[in-house]
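Structure, as structure tokens:
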Amino acid sequence: MTYQPNPQRYEKMHYRRCGNSGLVLSAISLGLWHNFGHVDDFANARKLIHTAFDLGITHFDLANNYGPPPGSAEETFGKILSQDFGGFLRDELIISTKAGYRMWPGPYGEWGSRKYLITSLDQSLKRMGLDYVDIFYHHRPDPETPLEESMMALHDCVKSGKALYVGISNYPAEEARKAIQMLKDLGTPCLIHQPKYSLFERWVEDGLLDVLEQTGTGCIPYSPLAQGLLTDRYLKGIPNDSRVAKGVGFLTENHLTSERLDKINKLNALAQKRNTTLAQMALAWVLKDSRITTVLIGASRSEQITDAVNSLHHLHFENEELSTIEHILKS
Ligand code: NDP
């Protein structure tokens, strides 16, 4: 079946400027960490990408190691791109990939050396069948490699035309400030930072968001739904098709403590009062901060993407709702 993108795809989505750059990103972005590996259903993966694009999502996030097996999410995405997004549609997409975690054996297959970063990007481009990615990230800080070497490698990826922009991920505030300054001095501004941030994970509020604002860098929080905890998924047990039940990632039954479930239930009750789903409230809560460019969600079904995009109709919070949320989280 030939894919025909929705001609109205840009009418409802919000696009937000990424820091001080010229680039805007869809307020919702889709990540391919889970559900796009060779172990997953290709037809479903294809449907997820179509649904996202049809709803105005322009930004798709990958990494060298997404799968399983590592690399296979990029291969799946590459197949969907060549099948359905050939020609001019590539120019409507912002595709990112990353390198930092273990990808191949031996001393050059992870962290932040020039050798690893540049060769990993070459491999990613091959797997996706692309000439360039829009954003190339250093996936995690490397305590052993000089920061200058990793940043110079990112800069050179842009100079060689293999990436249009660069970003960093999981860098703590002060290391991020240094990396951003180095990239600026090299003439390749850091476009964006990708940290973990959700109602349940608040570390970015202790300095990182200020650094990003001061330096004009965008912010794309990952796992804004805490991998599915901040949704209705686990309100009545553990569904067979859920991330916890599949047991392929880091989310396990141990995360479903009675304390946490109590908070999830209370947050869900508040979301219902606002006439939204819990997932919509959790995404709106992250997006309410103007320093956030876009939220990076994952999805196992297309309805979850539609649900996320509908959160954009419910972005406003009353002060009382915000205090109730804080009260629930601290209880
Ligand atoms: P989320 O917190 O959005 O969790 C996604 C999961 O939540 C889905 O797989 C689904 O779980 C459930 N879900 C999503 N929407 C709904 C909904 N509306 N209703 C009910 N359940 C829902 O994000 P991820 O943890 O998947 O991370 C998103 C992306 O962030 C990744 O794909 C990756 O691109 C990036 N990332 C980056 C990292 C980094 O180090 N830079 C680390 C981790 C992620 P289920 O499968 O059970 O249906």
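Could you say which residue among L212, L191 is away from the ligand (no atom under 13 Å from the Cβ) and in contact with a His (Cβ under 7 Å, 6 or more places away or on another chain)? Full working, then the answer.
On the way: L191 fails: in contact with a His (Cβ under 7 Å, 6 or more places away or on another chain).
Exactly one of L212, L191 is away from the ligand (no atom under 13 Å from the Cβ) and in contact with a His (Cβ under 7 Å, 6 or more places away or on another chain), namely L212.
Quick grid of which residues meet (1) touching an Asp or Glu at 6+ places or on another chain (Cβ under 7 Å); (2) buried (at least 24 other Cβ atoms within 10 Å of the Cβ); (3) closer than 23 Å to D289 by Cβ:
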| position | (1), (2), (3) |
| --- | --- |
| Y132 | no, no, no |
| I135 | no, yes, yes |
| P143 | no, no, no |
| P146 | no, no, no |
| S150 | yes, yes, no |
| K162 | no, no, no |
| M182 | yes, no, no |
| T188 | no, no, no |
| Y197 | no, yes, yes |
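State whether the residues of segment 131-142 include one that is at pLDDT 95 or above, closer than 29 Å to L55 by Cβ and away from the ligand (no atom under 16 Å from the Cβ). Let's see the steps before the verdict.
Just the residues of segment 131-142 that are at pLDDT 95 or above, to begin with: 131-142.
Narrowing the set further to residues that are closer than 29 Å to L55 by Cβ leaves 131-137, 139.
Remaining after also requiring away from the ligand (no atom under 16 Å from the Cβ): 131-132.
Checking segment 131-142: at least one residue is at pLDDT 95 or above, closer than 29 Å to L55 by Cβ and away from the ligand (no atom under 16 Å from the Cβ).
Could you please tell me which pairs satisfy a Cβ distance under 7 Å, a separation of 6+ or placement on different chains, a first residue in segment 84-108 that is more than 17 Å from V24 (Cα to Cα), and a second residue that is part of a helix (DSSP H, G or I) and of a type in the set (D, E)?
T97/E74
Could you identify the single residue in G207, G218, G237, G249 that is small (G, A, S), more than 7 Å from the ligand (Cβ to nearest atom) and surrounded by 23 or more Cβ atoms within 10 Å (Cβ to Cβ)? Walk me through it before giving the result.
On the way: G207 fails: surrounded by 23 or more Cβ atoms within 10 Å (Cβ to Cβ); G237 fails: surrounded by 23 or more Cβ atoms within 10 Å (Cβ to Cβ); G249 fails: surrounded by 23 or more Cβ atoms within 10 Å (Cβ to Cβ).
On inspection, the qualifying residue turns out to be G218.
If you go through segment 286-297, how many residues are touching a helix residue (DSSP H, G or I) at 6+ places or on another chain (Cβ under 9 Å) and surrounded by fewer than 24 Cβ atoms within 10 Å (Cβ to Cβ)?
Summing the residues that are touching a helix residue (DSSP H, G or I) at 6+ places or on another chain (Cβ under 9 Å) and surrounded by fewer than 24 Cβ atoms within 10 Å (Cβ to Cβ) in segment 286-297 gives 6.
In contact (Cβ under 8 Å) with a residue 12 or more places away in the chain, acidic (D, E) and more than 13 Å from the ligand (Cβ to nearest atom), is that true of D289?
Spelling it out, D289 is indeed in contact (Cβ under 8 Å) with a residue 12 or more places away in the chain, acidic (D, E) and more than 13 Å from the ligand (Cβ to nearest atom).
Just to verify a result, which residue in segment 92-109, among those that are in a loop (DSSP other than H, G, I, E, B) and touching a Leu at 6+ places or on another chain (Cβ under 9 Å), is nearest to Q8 (Cα to Cα)?
L93
The values are calculated or read from the model by the stated rules, or taken from the named source; none is laboratory data. What you see is a predicted model, and the numbers here were worked out from it, not measured in a lab. All Cβ positions, glycine included, derive from the backbone under ideal geometry; neighbour counts span all protein chains shown.
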